[in-house]
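Working notes for the structure below.
The values are calculated or read from the model by the stated rules, or taken from the named source; none is laboratory data. These numbers were taken from a predicted model, which means no experiment stands behind them. When we count neighbours, we look across all protein chains shown, and the Cβ atoms used for this are built from the backbone with ideal geometry, even at glycine.
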Amino acid sequence: MIPTGTVPEIVLTLGIAIALAPLFGRYLANVYSNGPSVWDPIVGRVERAVFWIMGVDPRRPMTWSQYAKALLLTDGIAIGFVFVLLQLQSGLPNNALGAPSMSWHLAFHTSIAFGTNTDFQHYVPEEQASLLSSLFGLQLLMFTSPATGLCVFAAMARGFSRKDGRLGNYYSDFVRTLTRVLVPVTVLGAIALVLLGVPETLTQTAQILPLTGGHESIPLGPVASWDSIEFLGTNGGGFFTANAAHPFQDPTSATNFVAILLMLSIPLASPFAFARLVRRPGEATPLFATILTIFLAGFIVFLVFEGSNHFLPVTVNQGAGYLVGAETRFSISESALFQFSSVYSNTGATNMALGSLTPLSQTVLMFGMFMQSTPGGVGTGFGTLLINVVLAVFMGGLMVGRSPEYLGKKIGMPQVKWAAAAILSHPFSILIPTALAMVIPGVLQSAIGGYTPHGFTVLLYEFSSESANNGSGMGPINDGTMFFNVAGALVMAVGRYFPAVAMLAIAGSLAQQEPHRPGPGTLKTRSVTFWFFLVAFIVIVTGLLFLPVLALGPFSQMVGGP
């Protein structure tokens, strides 16, 4: 049972996040419409210098295929650089803890994980990543990967508002995202976290003298700045193995509060930014309401299931009880809201042991990764929501005999084919490697010790998290093998880039159309009816795609399986 005293914490945190969403959405729209800002005197010069060094013309608009090629090229170069760096780190400076060079398959998985905004960690950060690799490799990708997602978001918005077949310039969007969104907000977030007790230092270890004698080395580093971009960019990879459960990464309720706000800031602002970019501010209402409806409903279910999964309070200060597998410095609401927000925003940071959750709680979290859009990760989460909108408008229009149109653009077979392919790529990239792990001799036994319902849930969660570019993991599982490194890297790449290309293709086809005025036969999307229809569409389609496989895992656990 949930203690009623924790409800105000939930209401306050979500209330502030919701209140900030329209304001931040207006700022994002200004960035991607090349509007003036207070940053112009400073970052304008930086941007011009970067474009000069790159040798690109930021004013040259691109077709969707040119935009996609620039995106893939930029990400490919960044991922390749980090892949090489991780294999050479043992012989490079700033390696006080003596991290060895990674094997090719572990470096392959790690570089793709951080480059695709997944940040799934098959390595032990304190032991297998040097400070040089962390700062100039992995953290570099923690900026570029959310920037890529926001570029896709901006291009999709232009697809609904333009008629020249152009989606803007990728390099301009990419650089402006870094200079005007990610870097300044990350700096502000890092300052706030430092003031609240999160360490920020280039010292790699601290020597302490335990009462039992001897000495012990405590890993340290620039944790606050890492945390800030980890949460803001919905990255999720922890500076420490324990991630946000580590007292250096998330020491107090105040830092937990800041982390939740950072995780939800861009995903919740996206509907408002999109509506302004397409010059129809009212269209934000049904999209934001859809996100909020599914998010709040899922969180209530998650909280109810976990409410009975705690011990009685044992201290005066912890009146809310202890969740099993959660840190005692947080109340039930703080732990649950952080973890739910992290998974549903595809951040993937953890402050709880996910394997200790009840089977129904695990199901709720996986459902969020299956949907990927409520609110989903930075940029591409909202892009997935728009893909669902395209399919819902097409289906709704056919059901009632009305013209399938959205924001004045006709929804036809080219858009529907790309949208359907993007939606179906998710279950394919989850179920195929899960099946391979089940049938290839030795893989299942070495990973989870053989088949059990809980073991299958852990395996399903692994590939679901990678395909959704989430990055959270549920143990215990031995996933540091060549099979899981290679298979996981391929799943993350497909889960990231195939939907991104599909989003750009949809935007490109729409950008070639002349906008149409809504007629008497046009389906009204700015309505309560469409809001409910979109919620039902997302939930039902997700259920049809994934409920059967859940029967082998968490549903079997609920009926008595180990």
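Results, tabulated for the structure shown:
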{"item": "Selected residue (only one of Ser145, Ser133, Ser172 is closer than 22 Å to Val84 by Cβ, touching a Lys or Arg at 6+ places or on another chain (Cβ under 9 Å) and not aliphatic (A, V, I, L, M))", "result": "Ser145"}
{"item": "Residue in the range 456-479 that is among the acidic types (Asp, Glu) and in a strand (DSSP E or B) present", "result": "no"}
{"item": "Where a residue in the range 394-411 is within 9 Å of Leu523 (Cα to Cα) and its partner, wherever it lies, is acidic (Asp, Glu) and part of a strand (DSSP E or B), with Cβ under 8 Å and at least six apart", "result": "Gly397/Glu405"}
{"item": "Hits in the range 144-165 - residues which are modelled with pLDDT under 95 and basic (Lys, Arg)", "result": "Arg162, Lys163"}
{"item": "Identity of the residue in the range 492-536, part of a helix (DSSP H, G or I) and hydroxyl-bearing (Ser, Thr, Tyr), that ends up farthest from Ser467 (Cα to Cα)", "result": "Thr529"}
{"item": "Counted residues, the range 225-243 - those being among the hydrophobic types (A, V, I, L, M, F, W, C) and over 17 Å from Gly377 (Cβ atoms)", "result": "4"}
{"item": "Filtered residues of the range 58-71 (kept if surrounded by fewer than 17 Cβ atoms within 10 Å (Cβ to Cβ) and either in a helix (DSSP H, G or I) or in contact with a Pro (Cβ under 6 Å, 6 or more places away or on another chain) (or both))", "result": "Ser65, Lys69"}
{"item": "Counted residues, the range 325-345 - those being at pLDDT 95 or above and part of a loop (DSSP other than H, G, I, E, B)", "result": "1"}
{"item": "Some residue of the range 91-101 being touching a residue at least 40 places away in the same chain (Cβ under 8 Å) and in a helix (DSSP H, G or I)", "result": "no"}
{"item": "Residue match in the range 43-57 (condition: acidic (Asp, Glu), under 24 Å from Gly495 (Cβ atoms), surrounded by 15 or more Cβ atoms within 10 Å (Cβ to Cβ) and touching a residue at least 12 places away in the same chain (Cβ under 8 Å))", "result": "no"}
{"item": "Tabulated pairs, the range 484-510, first in contact (Cβ under 8 Å) with a residue 40 or more places away in the chain, second assigned to a helix (DSSP H, G or I) and among the charged types (D, E, K, R), C-beta under 6 angstrom, 6+ apart or interchain", "result": "Gly488/Glu466; Val491/Glu466; Met492/Glu466"}
{"item": "Residue check for Met352: aliphatic (A, V, I, L, M) and touching a residue at least 60 places away in the same chain (Cβ under 8 Å)", "result": "yes"}
{"item": "Test for Gln87: is it closer than 28 Å to Phe120 by Cα and either of a type in the set (S, T, N, Q) or outside any helix (DSSP H, G or I) (or both)", "result": "yes"}
{"item": "Criterion: surrounded by fewer than 17 Cβ atoms within 10 Å (Cβ to Cβ), within 23 Å of Gln362 (Cβ to Cβ) and touching a residue at least 60 places away in the same chain (Cβ under 8 Å) - qualifying residue of Pro453, Pro414, Pro476", "result": "Pro476"}
{"item": "Selection from the range 82-91 of residues that are under 26 Å from the mean Cα position of the chain (by Cα) and buried (at least 16 other Cβ atoms within 10 Å of the Cβ)", "result": "Val82, Phe83, Leu85, Leu86"}
{"item": "The lone exception for Tyr32 - which of (1) surrounded by 15 or more Cβ atoms within 10 Å (Cβ to Cβ); (2) over 14 Å from Val175 (Cβ atoms); (3) hydroxyl-bearing (Ser, Thr, Tyr) it fails", "result": "(2)"}
{"item": "Elements of type helices (runs of 4 or more DSSP H) contained in the range 141-247, each with 3 or more residues being hydrophobic (A, V, I, L, M, F, W, C) and either crowded, with 18+ Cβ neighbours inside 10 Å or touching a strand residue (DSSP E or B) at 6+ places or on another chain (Cβ under 9 Å) (or both)", "result": "183-195, 223-232"}
{"item": "Count - residues of the range 354-380 that are over 21 Å from Phe546 (Cα atoms), modelled with pLDDT under 90 and in a loop (DSSP other than H, G, I, E, B)", "result": "0"}
